[in-house]
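Trainee: Got a structure for you, written out below as structure tokens; questions coming shortly.
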């Protein structure tokens, strides 16, 4: 019985040992094997064999593309404006042993590297240029970090600028500036409108005065012609003028009597004599 127990225990130990020496790596991954604490080799996808108790799978690394978010950060532009920028990097690990032994944490290292390069690139640009030049920033950012991460066995597929916006304080300042500019333009437009209205009104008054003057000239000419006709008709020196002035005098008295403000109208006893008084011919 004791012999059977020992044999059974040995069989179990052999089976466990053999199973420990067989490793299956799924597609899209590579496993890093250490032998007695030292890098020994890399297991590719499929069935692999290692020495039990001596070899150990220390790291399991994906070979698929990795989407790495770059946290948002405040960046100061060349003209001292503060903007908020973040990005996303697409990387692929081509040498797993370099990725795990070349840097302590390749994810954190790449994030810090991208943030530092982004601050440097935007720091050389003005606010307007930074907000409108995403493609330029992207190209410079990719060129700045590709060589560095290649030393870690990592390829940078691409890097995209997700958001690049003014900080809340800067945004409020820009909105206030835009509002002030709109008010200034509205004031200028209003002033221009009032100016044009005043010019048109002045031109209208000038034209009306010109026409009134022309009408007075025409009326004077007509009156002169009428006086001449009356003078020719009555064949006298004084009577034509007396007639015309008397007629005007009567029209004025008619208007005064029709006015709502007129209370009493006083007529001279001798109308011809009054007309002569106007002409200083008393």
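Trainee: Among the residues of region 2-16, is there at least one that is touching a residue at least 24 places away in the same chain (Cβ under 8 Å) and either surrounded by 10 or more Cβ atoms within 10 Å (Cβ to Cβ) or in contact with a strand residue (DSSP E or B) (Cβ under 7 Å, 6 or more places away or on another chain) (or both)? Even if it seems obvious, please write down each step before you answer.
Mentor: In the first step, residues of region 2-16 are kept if they are touching a residue at least 24 places away in the same chain (Cβ under 8 Å); the result is none.
Among the residues of region 2-16, not one is touching a residue at least 24 places away in the same chain (Cβ under 8 Å) and either surrounded by 10 or more Cβ atoms within 10 Å (Cβ to Cβ) or in contact with a strand residue (DSSP E or B) (Cβ under 7 Å, 6 or more places away or on another chain) (or both), which makes the answer no.
Trainee: Does region 121-140 contain any residue that is part of a helix (DSSP H, G or I), touching a helix residue (DSSP H, G or I) at 6+ places or on another chain (Cβ under 7 Å), in contact (Cβ under 8 Å) with a residue 40 or more places away in the chain and outside the structural domain of residue 29 (by TED's automatic domain parsing)? Steps first, please.
Mentor: We begin by selecting, within region 121-140, every residue part of a helix (DSSP H, G or I); these are 121-122, 127-132, 134-140.
Cutting the leftovers down to touching a helix residue (DSSP H, G or I) at 6+ places or on another chain (Cβ under 7 Å) gives us 121-122, 130, 137, 140.
Restricting the remaining residues to those that are in contact (Cβ under 8 Å) with a residue 40 or more places away in the chain gives 122, 130.
Next, only the ones that are outside the structural domain of residue 29 (by TED's automatic domain parsing) stay: 122, 130.
Yes - at least one qualifying residue is present in region 121-140.
Trainee: Does residue 81 qualify as being modelled with pLDDT under 90, touching a helix residue (DSSP H, G or I) at 6+ places or on another chain (Cβ under 6 Å) and outside the structural domain of residue 15 (by TED's automatic domain parsing)? Before you say what the answer is, go through the steps one by one.
Mentor: Working: modelled with pLDDT under 90: yes; touching a helix residue (DSSP H, G or I) at 6+ places or on another chain (Cβ under 6 Å): yes; outside the structural domain of residue 15 (by TED's automatic domain parsing): yes.
Yes, satisfied.
Trainee: What is the one condition in (1) touching a helix residue (DSSP H, G or I) at 6+ places or on another chain (Cβ under 9 Å); (2) loosely packed, with under 13 Cβ neighbours inside 10 Å; (3) closer than 30 Å to residue 164 by Cβ that residue 67 does not satisfy?
Mentor: Against the list (1) touching a helix residue (DSSP H, G or I) at 6+ places or on another chain (Cβ under 9 Å); (2) loosely packed, with under 13 Cβ neighbours inside 10 Å; (3) closer than 30 Å to residue 164 by Cβ, residue 67 comes up short only on (1).
Trainee: State which residue pairs qualify: first residue modelled with pLDDT of 90 or more and inside region 144-171, second residue in a strand (DSSP E or B) and crowded, with 19+ Cβ neighbours inside 10 Å in any location, beta carbons under 6 Å apart, and separation of 6 or more residues or different chains.
Mentor: 146/156; 149/156; 154/91; 154/93; 156/91; 159/87; 159/89; 161/87
Trainee: Also, I was wondering about something else. Sort out which residues of region 86-112 are farther than 17 Å from residue 42 by Cα and part of a loop (DSSP other than H, G, I, E, B), and write them in order of number. Write out each step before concluding.
Mentor: Pass one, region 86-112, residues farther than 17 Å from residue 42 by Cα: 86-91, 103-112.
Correct list: 103, 104, 105.
The values are calculated or read from the model by the stated rules, or taken from the named source; none is laboratory data. Fair warning: this is a prediction, and the values are worked out from it, not measured in the lab. Backbone-built Cβ (ideal geometry, glycine too); neighbour counts: all protein chains shown.
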